[in-house]
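Attaching a single structure in structure tokens format; questions to follow.
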Amino acid sequence: NLGDFQKAFTCYYQALDVYTQLNDLPGKAAVLGSIGSSYEELGNVEQAWHYQEESLRFKKLSGTSIQISIALTNLASLAIKQQRFTEADAYLQEALTISIEHNSFLSQANIYGQLGLLTLSQQAFSQASEYFSRSLTLYEKIGSQKGILEALTFIGQTYISQQRFQEAAPYFDRALQLVRELEDMNSLWFVQYSLGEIALHAAQPEDALTY
């Protein structure tokens, strides 16, 4: 809730003051990125953009390449939400080059997921499915259950966007199993809603009601 964000912001700004006094550039960059992500969760894209840009600037000054990749990916996420697709693609391609050079599977998985969202936003469904599948493969390789869940729901949603409900079903079935294992209540409603939608289009209204 908003109160939790306010408490988080208080801690972030206190940490930012400390890192500034210590001239700790990596620490400052990390906190700026966290502030940006919090603003993004609150839906304040303008403020989120400002802090993510500042985070990128300090990450470049401190010379930590993989952190630069993360900052670029965060900016790309915001650019997609603003339909700044060319800009988002440029950020993601630069981030992907860095993450491949550093053999970071986690970073690559996240970037492919963002590339999937970018192409899905442009209704390039085949390309989106390919990117999401790459993301899923990498998350499976490193054993990230939350990443696997995210990729499964993205792939399923891509099929639903094309009215290909039966092809979406296996991905959401697997996602539902993971949601229960992880006890991820934030994702549960979306997965259940999607399975209900699939059941309705399969002329199975009784099954839809169970979700």
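The values are calculated or read from the model by the stated rules, or taken from the named source; none is laboratory data. Source: prediction; values computed, not measured. Virtual Cβ from ideal backbone geometry, glycine too; neighbours counted across all protein chains shown. Protein only, heavy atoms only, side chains kept; ligands, DNA and RNA dropped before computing areas. Shrake-Rupley method; radii C 1.70, N 1.55, O 1.52, S 1.80 Å.
Do any helices (runs of 4 or more DSSP H) lying entirely in the stretch 1-120 carry at least 2 residues that are of a type outside the set (A, V, I, L, M, F, W, C), farther than 27 Å from Ile155 by Cα and open to solvent by less than 50 Å² (accessible area, probe 1.4 Å), and which ones are they? Talk me through it step by step, then tell me what you get.
Numbers: elements: 2-22, 25-41, 45-62, 65-81, 85-101.
In the stretch 1-120, the matching helices (runs of 4 or more DSSP H) lie at 25-41, 45-62.
Let me ask another. Return yes when Leu106 is within 27 Å of Lys28 (Cα to Cα) and free of Cβ contacts under 8 Å to residues at least 40 places away in the same chain and no when it is not. Please lay out each step first, then the result.
Working: within 27 Å of Lys28 (Cα to Cα): yes; free of Cβ contacts under 8 Å to residues at least 40 places away in the same chain: no.
No; evaluated as a whole, the condition is false for this residue.
Residues of the stretch 137-157 being surrounded by 18 or more Cβ atoms within 10 Å (Cβ to Cβ) and either charged (D, E, K, R) or touching a residue at least 60 places away in the same chain (Cβ under 8 Å) (or both), which ones? First the steps, then the outcome.
First pass over the stretch 137-157, keeping only residues surrounded by 18 or more Cβ atoms within 10 Å (Cβ to Cβ): 138-139, 147-157.
Result: Glu150, single match.
Is it the case, given these coordinates, that Arg134 is under 28 Å from Ile70 (Cα atoms) and surrounded by fewer than 19 Cβ atoms within 10 Å (Cβ to Cβ)? Let's see the steps before the verdict.
Working: under 28 Å from Ile70 (Cα atoms): yes; surrounded by fewer than 19 Cβ atoms within 10 Å (Cβ to Cβ): yes.
Considered against the rule, which asks whether it is under 28 Å from Ile70 (Cα atoms) and surrounded by fewer than 19 Cβ atoms within 10 Å (Cβ to Cβ), Arg134 comes out as yes.
Got at least one residue in the stretch 164-173 being more than 22 Å from Asn74 (Cα to Cα), among the basic types (Lys, Arg), open to solvent by 40 Å² or more (accessible area, probe 1.4 Å) and more than 14 Å from the chain's Cα centre (by Cα)?
Just the residues of the stretch 164-173 that are more than 22 Å from Asn74 (Cα to Cα), to begin with: 164-173.
Adding the requirement that they be among the basic types (Lys, Arg) leaves 164.
When the remaining residues are screened for being open to solvent by 40 Å² or more (accessible area, probe 1.4 Å), the result is 164.
Going one step further and asking which of them are more than 14 Å from the chain's Cα centre (by Cα), we end up with 164.
Looking through the stretch 164-173, at least one residue is more than 22 Å from Asn74 (Cα to Cα), among the basic types (Lys, Arg), open to solvent by 40 Å² or more (accessible area, probe 1.4 Å) and more than 14 Å from the chain's Cα centre (by Cα).
Go through Ala79, Ala71 for me and flag whichever is over 18 Å from Ser121 (Cβ atoms) and under 16 Å from the mean Cα position of the chain (by Cα). Working first, answer last.
Numbers: Ala79 fails: over 18 Å from Ser121 (Cβ atoms).
Of Ala79, Ala71, the one residue that is over 18 Å from Ser121 (Cβ atoms) and under 16 Å from the mean Cα position of the chain (by Cα) is Ala71.
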